[in-house]
């Protein structure tokens with residue numbers, strides 16, 4: 001990269017810090033527009049279980065780690081994180097302080113818009129989609145970084161944002177499609193092949209997480225052999241279908257325990273467990289404590305933070 005480009009990137013990164021610091025009036029999530037959220041944290045966070053949808057995540061200041069199945073991804077101001085499927089993850093802010101808080105953002109992507117841009121630009125996948133993981137980290141620099149800065153400047157004027165932001169968003173998608181992360185963008189759109197099948201499998205598992213899972217039936221419905229389905233699913237999500245379902249079930253159980261004041265046995269049944277003791281074991285393995293102790297600790301820490 002030339003000195004001129006390096007200087008421009010440095011200025012853009014500094015502007016990104018200033019804009020997010022100014023826009024984030026709350027610690028935690030700050031909604032800027034539909035599908036665009038800024039985040040600020042004054043310290044490192046505990047590992048947080050959740051789900052990422054098709055999106056790009058950028059950091060202006062600090063650093064974060066996201067774990068998907070067996071894989072771990074670290075990103076920072078020099079790198080963005082791209083997610084192409086709805087997948088369960090564990091995320092954690094690992095660099096932040098009172099003087100230099102974590103400042104980041106998440107921008108959701110519309111698969112239909114990605115397909116539209118790719119067709120209009122005459123672009124197509126550069127390699128077999130079966131080898132593409134659904135999360136990866138790429139370099140945030142040059143024209144891509146510049147386009148994000150121009151998008152965020154539009155937030156100063158709602159009329160400009162409403163009219164011009166769709167054009168800049170298309171530019172961002174176009175630049176990502178042309179980058180080494182292009183195959184992951186194509187994974188978000190609707191194309192024939194294994195990617196579409198795995199996307200359908202993810203959707204079915206998320207929608208019917210509380211039902212008994214038959215790998216054979218799911219593979220047959222997708223027109224794949226069991227071994228091929230298992231291989232492609234794990235490549236995309238870093239988890240087996242059974243591990244994926246288990247994470248979705250346990251995350252939903254935790255949500256039910258927090259929001260509906262259920263006991264552990266009732267929550268276990270609601271998310272598809274027949275054996276309450278197995279549910280408790282797996283819940284503790286994932287969240288560190290048995291269900292009711294975990295919820296009590298979670299509520300206590302929430303009160304302390306208020």
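We did not get these values from a lab; they are worked out from the coordinates using the rules stated. Note that the coordinates shown come from a computational prediction; the quantities given were computed from them, not determined experimentally. Positions of Cβ are backbone-derived with ideal geometry, glycine not excepted, and every protein chain shown enters the neighbour counts.
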- Message: Under the 0.36 nm per residue contour assumption, what length would be gained going from the current alpha-carbon distance of residue 23 and residue 227 to full extension?
- Response: 68.6 nm
- Task: Rank these for me by crowding, 87, 271, 137, going from fewest to most other beta carbons within 10 Å.
- Result: 137, 271, 87
- Top of 109, 38, 73 by mean-square fluctuation, Gaussian network on the chain, Cα under 10 Å: 73
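If you average 1/r across every pair of different Cα atoms in region 192-306 and take the reciprocal, what Kirkwood value do you get, in Å?
After inverting the pairwise mean of 1/r, the radius is 15.4 Å.
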- Message: Counting other beta carbons within 10 Å of each residue's own, what order do 172, 58, 149, 163 fall into, fewest first?
- Response: 163, 149, 172, 58
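Averaging over all projection directions, find the projected area of the Cα convex hull of the chain and quote it in nm² with one decimal place.
Numbers: hull surface 68.9 nm².
Across all orientations, the chain yields a mean hull projection of 17.2 nm².
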- Task: Show that you can apply the helix-only estimate: for the chain, add -39,500 (n - 2.57) for every DSSP H stretch of four or more residues, divide by all residues, and state [θ] at 222 nm to the nearest 500.
- Result: -16500 deg cm²/dmol
- Task: Please work out the ratio of the alpha-carbon Rg of region 1-103 to 2.2 N^0.38 Å and round it to two decimals.
- Result: 1.11
- Task: Take the Cα coordinates of region 15-170, assign each an equal point scatterer, and use the Debye formula without solvent to give log10 I(q)/I(0) at q = 0.19 Å⁻¹.
- Result: -1.34
